[in-house]
1. Counting only C-alpha contacts under 8 Å and six or more residues apart, can you give the relative contact order of the range 344-429 as a whole percent?
2. Please give the FRET efficiency for GLN381 paired with ALA208, using the beta carbon to beta carbon distance and R0 = 45 Å, rounded to the nearest 0.05.
3. What does the highest-first list of 317-327, 365-375, 290-300, 447-457 look like by mean Cβ count within 10 Å?
4. Using only DSSP helix segments of four residues or longer, with each worth -39500 (n - 2.57), what per-residue ellipticity at 222 nm results for the chain after dividing by its residue count and rounding to 500?
5. Is the shape of the range 364-463 rounded, prolate or oblate, going by the alpha carbon gyration tensor and its root eigenvalues a ≥ b ≥ c, with a/c under 1.5 for rounded and a/b larger than b/c for prolate?
6. Over the chain, what is the mean sequence separation of C-alpha contacts under 8 Å (at least six apart), divided by residue count, expressed as relative contact order in percent?
7. Given R₀ = 30 Å, FRET efficiency for GLU458-LEU200 by Cβ-Cβ distance, to 0.05?
8. Between the range 71-130 and the range 245-269, what's the alpha-carbon centroid distance in Å?
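What follows draws every value from the coordinates through simple rules; no lab data is involved. Quick caveat, the model's predicted, so the values are computed rather than measured. Quick reminder, even Gly has a Cβ in these numbers, built from the backbone with ideal geometry, and neighbours come from all protein chains shown.
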Amino acid sequence: MSLSPVAGVGKARRGLHMITWGCQMNVYDSARMTDVLRPLGYTPVDNPADADMVILNTCHIRDRAAEKVFSELGRLRVIKDERRAEGRETVLAVAGCVAQAEGEQILKRAPYVDIVLGPQTYHRLPEMVARAARAGGSVIDTDFPAEQKFDFLPQDAAPQTAGNVSAFLTVQEGCDKFCSFCVVPYTRGAEASRPVVSVLAEARRMVAGGVREITLLGQNVNAYHGEGPDGGVWGLARLAYALAEIPGLDRIRYMTSHPRDMDDALIMAHRDLPALMPFLHLPVQSGSDSILKAMNRGHTADDYRRLVDRLREARPDLALSSDFIVGHPGETDEDFEATMRLIGDVGFALAYSFKYSVRPGTPAAGAPLQVAETVKDQRLQALQALLREQQDDFNGSVVDRVAPVLFTGRGRKPGQMVGRSPWLQAVHVDGSDDLVGTVCPVLITTRLSNSLAGHLIEECALA
Ligand code: 5AD
Ligand code: SF4
């Protein structure tokens with residue numbers, strides 16, 4: 001590879017094309033990688049043909065992830081060759097959980113890849129670009145370094161959120177729960193929390209840049225236990241209270257939570273902290289005790305029901321969302337019926353559901369009694385039909401009510417603006433750009449297939 005030396009390239013403009021798969025953590029990480037590359041002159045471009053660097057930020061959580069990555073790499077290789085024929089080089093990097101899990105395999109199958117980096121080492125990306133340029137070979141970095149990647153991120157004015165009203169902020173990484181089916185503990189490593197001071201500083205920078213809503217992210221966000229300014233350990237509830245003190249920060253959300261880590265302080269925060277939005281993603285995965293046990297979830301279906309009762313007692317308008325897996329090894333018709341009963345009992349505003357799929361190296365992969373694909377298909381269909389009905393009912397239940405909407409931008413049609421209700425529903429109204437960044441009361445009049453429409457009921461005080 002014949003890149004110009006990277007040291008001192010601060011002035012040269014280079015195109016960066018980022019392809020992001022998977023969860024919000026990856027969306028956040030992609031923004032962070034963009035930030036750490038900015039001082040090297042990289043700015044985002046939409047077209048990979050214009051890019052001096054392409055990063056695939058991959059997700060390994062579900063089916064055929066690696067295959068999707070290799071097929072995308074095949075396409076990018078053509079672009080890389082075409083650019084090279086014109087005398088332009090392209091750095092190809094694979095990041096994220098597939099990079100962590102497959103490591104060397106990626107370079108074996110796709111030797112034209114320049115950099116393979118796991119989620120723990122994004123702060124080292126500039127150094128890797130330099131190394132790849134110098135060595136003219138591929139660089140692989142999938143360590144779990146002892147230093148916190150959080151400590152190395154740019155400290156300037158949160159450029160990735162410029163102009164955004166709603167932003168993600170990672171406060172916790174990794175997972176020690178080892179659910180039977182899941183790769184996250186292997187790809188993202190052990191649970192680690194970012195210190196409170198650094199979270200608050202980033203939140204303040206975001207708010208100064210116009211952010212009004214922050215979603216705290218973590219694979220196990222409610223297991224947050226960050227070092228407090230007082231030297232003690234702060235939980236997520238305490239962090240939320242401190243964030244709520246930041247003037248201009250109207251809304252706080254967090255995901256993804258584990259039922260086991262939903263402590264009293266956090267439940268009480270839902271009662272006492274108006275900025276904490278009444279929408280909670282709390283995956284339960286199954287409603288059968290024997291499957292929950294096989295999954296190593298550490299709670300029963302009734303534990304979950306009781307937890308939901310307590311949450312709703314604290315915040316009666318709380319809406320819940322969840323993840324479900326059908327066809328985990330050993331799941332019988334009775335187990336599946338128990339899941340359908342749990343859904344019926346709880347009532348979900350939103351849910352994501354998946355057929356179990358084998359992740360090599362996880363305990364469930366080698367378990368006996370794998371469920372036939374046709375059975376998984378049938379169960380998934382029935383489950384999704386019920387969840388869809390609940391979602392439609394929930395969205396219908398806000399029609400004819402007034403809801404505060406945080407406006408985030410323009411809608412698809414001219415003269416239309418879009419925002420979010422407290423329950424994360426997209427709401428469209430007729431209005432002007434002045435609305436962006438404000439919370440206004442909206443009378444919801446119509447339920448559309450995946451959003452709501454309504455109209456402003458009073459002049460909104462502009463921020
Ligand atoms: N098969 C199917 N679904 C899975 N998930 C995680 N691993 C698997 C797997 N092996 C789902 C879980 C998790 C969500 C992010 O992805 O429901 O909560
Ligand atoms: Fe995976 Fe379970 Fe950890 Fe969630 S709690 S990231 S499903 S191991």
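1. Contact order relative to length: 22 percent.
2. Numbers: r = 48 Å, r/R0 = 1.06.
The pair GLN381/ALA208 has a calculated efficiency of 0.40.
3. Numbers: 317-327: 21.3, 365-375: 12.5, 290-300: 19.4, 447-457: 15.0.
Output ranking for 317-327, 365-375, 290-300, 447-457: 317-327, 290-300, 447-457, 365-375.
4. Values: 13 runs with 153 residues, N = 463.
Estimated from H runs of four or more residues: -10000 deg cm²/dmol.
5. Values: a/c = 3.41, a/b = 2.67, b/c = 1.28.
Cα axes put the range 364-463 in the prolate bin.
6. Values: 918 pairs, mean separation 42.8, N = 463.
After rounding, I find 9 percent.
7. Values: r = 33 Å, r/R0 = 1.11.
Between GLU458 and LEU200 the formula returns 0.35.
8. 37 Å
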